[in-house]
Amino acid sequence: MPPLHIALVDDHPIVRAGFRQLLEMEPGWKVTAELGNAREVAAWMLQGTCDVMVMDLSLPDGDGLVLIRHLLAQKPDLAIVVLSMHDGALYVQDAMSAGARGYVTKRAAPDELVDAIRAVGRGEVYLGQDVRMHAGDTGAGPEERLLPELTSREAQVFLLLARGHSVARVAATIGISNKTAYAHRANIYSKLHLQSDYQLHELASRRGLIAAT
C-alpha cells in the first residue's frame, strides 16, 4: 500500500502534536505538514502536497469554509476532513458544500478520525457518529429547530452573520452573490423583527446558537 501523506491544520500546537502521534501509529501514514493558521495554509498551497488534510474550521485569521474552497480550487484532488468542536447540521452542511469529504467532531473517539482519513483516502465520504446522530434526529439540526421562522438557507445565513461575518463574507462562504446575501439578511430581519446585526447576535446567543458573550 502506498504511503499516505497528511497535513494538519489547527491553531493549537499541542492538539496537532497529539494528532500527529495518533496518526503516525498507522503503518505508512506520515504527517508532512503542521499548519496553525490561514496564512500558513496559503503559503503551503504554493508548494506543499499531501493526500489528506485534517482541518479545524475555527482559525484565528480566516474562515475555514472559505479556505476549503480556495484549497480545492488549487488542489481539486485534495481530500479534506473537517475536525471541529461543532456538530450542528448547518456547520456540517456548510463544510460538505464547500467540498470537504469528511466531518468529525473533537468529541469523537480517536479511532473515528483514523476511520475518516482511511475512508476519504479511498474516495469515500465520512461523517462521524455523533454527526450522523444529529443528522438523523427529526431530519433537522439544532439550528433549524431553534430558527423555525426561517428557511434552511436563511438559517445558514443567520448563523454566519451571528458568528460575525460580513454580508460579503457570507456570500463568499456559501457561494452566493452579494445581492442574494443581502436579500436573505433582509428576510431574516423582517421575519425575526430585527433592526441590526447586534440584535441578531443577541438573539443567536439567547437561543443557544453561539456562545454567550
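Assorted remarks:
- Inter-site label distance for LEU22 and ASP197 at 7 Å from Cα along Cβ, in nm: 3.4
- Bridges between two residues of the chain, per DSSP, are antiparallel at a rate of about 10%.
- Value of [θ]222 nm, deg cm²/dmol, for the chain, DSSP H segments ≥ 4, -39500 (n - 2.57) each, nearest 500: -15000 deg cm²/dmol
- With the highest mean first, a sort of the peptides 122-131, 100-109 on other beta-carbon atoms found within 10 angstrom per residue produces 100-109, 122-131.
- In terms of other Cβ atoms within 10 Å, LEU46, LEU23 run from fewest to most in the order LEU46, LEU23.
- Reachable aspartates and glutamates from LYS191, criterion Cα separation under 16 angstrom, eight or more residues apart if same chain: GLU143, GLU144, GLU149, GLU154, GLU202
- Averaging 1/r over every pair of different alpha carbons in the chain and inverting the result gives a Kirkwood radius of 18.0 Å.
- Given R0 = 35 Å, the distance between the Cβ atoms of VAL66 and ARG107 translates into a calculated FRET efficiency of 0.90.
- Angstrom value of the Kirkwood radius, inverse mean 1/r, which spans all Cα pairs in the stretch 39-108: 12.2
- Taking label positions 7 Å along the Cα-Cβ direction at both ARG39 and ARG122, the computed distance is 4.1 nm, reported to one decimal.
- Label-to-label distance, HIS12 versus THR49, with points set 7 angstrom from Cα along the beta-carbon direction: 3.3 nm.
Taken together, the values in this text are just the output of simple stated rules run on the coordinates, not laboratory data. What you are looking at is a predicted structure, and each value in this text was computed from that prediction instead of being measured. FYI the Cβ positions are ideal-geometry reconstructions off the backbone, even for glycines, and counts take in every protein chain you see.
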